[in-house]
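Chemist: Got a structure for you, questions after.
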Amino acid sequence: MNDSKHRLGVSEVNLVVRHLRLENITETNKDLILTEIDAIYGVDNVLFDDNSEVLNIAYDASRCNLESIEKIIRHHGADVAHDLWTHFKEGYYKFVDQNVKDNTVHEPLSCHKIPPGKK
């Protein structure tokens, strides 16, 4: 597989795309948030739509997670919107991120392995 179209540290197998509506966004903190998120290892792309106030992020879920991104957002005085739909998506995104991370370290079971203690 050729990952040349993605940034260093981003595997297409673990790539997820997230869309979160934000609150309390100003021009100053928007630039700081985008710059800091874009510098995270594993982030492939980050954009902010001014009209809908939605942050669009593509990242490798095995290398970074939504919680670290939200921490950066809150550090600069903004927050994830507090509406029901955004909270539902946020919970689902965190569940999927954890699932991707768990699957990267999972060793699959094989019935062709020799049982322990047998030679």
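Chemist: Quick one: helix 27-38 against the long Cα principal axis of the chain, what's the angle to the nearest 10°, folded into 0 to 90?
Modeler: It is inclined by approximately 10 degrees.
Chemist: With the Cα gyration tensor of the stretch 12-105 in hand, give its eigenvalues times 5 under a square root as the equivalent ellipsoid semi-axes, listed largest first in whole angstrom.
Modeler: Over the Cα atoms of the stretch 12-105, the ellipsoid semi-axes are 22, 15, 11 Å.
Chemist: Please work out how much length the chain gains when fully extended from Val17 to Val54, using 0.36 nm per residue of separation minus the C-alpha to C-alpha distance, in nm with one decimal.
Modeler: Between Val17 and Val54, full extension yields 12.1 nm more.
Chemist: Taking every alpha carbon pair in the stretch 52-98, what does the distance histogram look like in 5 angstrom bins from 0, in percent?
Modeler: Distribution as computed: 5, 18, 30, 31, 15, 3 percent.
Chemist: To continue, here is another question. Please state the relative contact order of the stretch 12-105 as a whole percent: Cα pairs under 8 Å, 6+ residues apart?
Modeler: Rounded, it is 35 percent for the stretch 12-105.
Chemist: Towards the positive end of the charge dipole of the chain, with charges on Cβ (+1 Lys, Arg; -1 Asp, Glu), say which of Leu8, Cys64, Gly117 has the farthest Cα.
Modeler: Going by the Cα projections, it comes out as Gly117.
Chemist: Just grab the label-to-label distance for Leu47 and Tyr92, each label 7 Å out from Cα along the Cβ direction, in nm (one decimal).
Modeler: It works out to 2.1 nm between the two label points.
Chemist: Taking the simple approach of a point 7 Å from Cα along Cα-to-Cβ for both Asn103 and Leu8, what is their distance in nm?
Modeler: Taking the two extended label points, one gets 2.7 nm.
Chemist: Let me ask something else about it. With n ≥ 4 as the cut-off for DSSP H runs, can you work out [θ] at 222 nm for the chain, using -39500 (n - 2.57) per run divided by the number of residues, rounded to the nearest 500?
Modeler: -12000 deg cm²/dmol
Chemist: Which one, Val17, Thr104, Leu34, is farthest towards the positive end of the dipole of the chain when Lys and Arg carry +1 and Asp and Glu -1 on their Cβ?
Modeler: Sorting the options by dipole projection puts first Thr104.
Chemist: Given the peptides 79-92, 24-37, arrange them by the average over their residues of other C-beta atoms within 10 Å, most packed first.
Modeler: 24-37, 79-92
Chemist: Let me know the Rg and Dmax you get for the stretch 1-43 when you use only its Cα atoms, in Å.
Modeler: Spelled out, the Cα radius of gyration and Dmax of the stretch 1-43 are 13.4, 41 Å.
None of the figures in this text is laboratory data; all of them are computed from the coordinates on show. Remember, predicted model here, so these are calculated numbers, not experimental data. Counting neighbours? That spans all protein chains shown, and the Cβs are built from the backbone with ideal geometry, glycine included.
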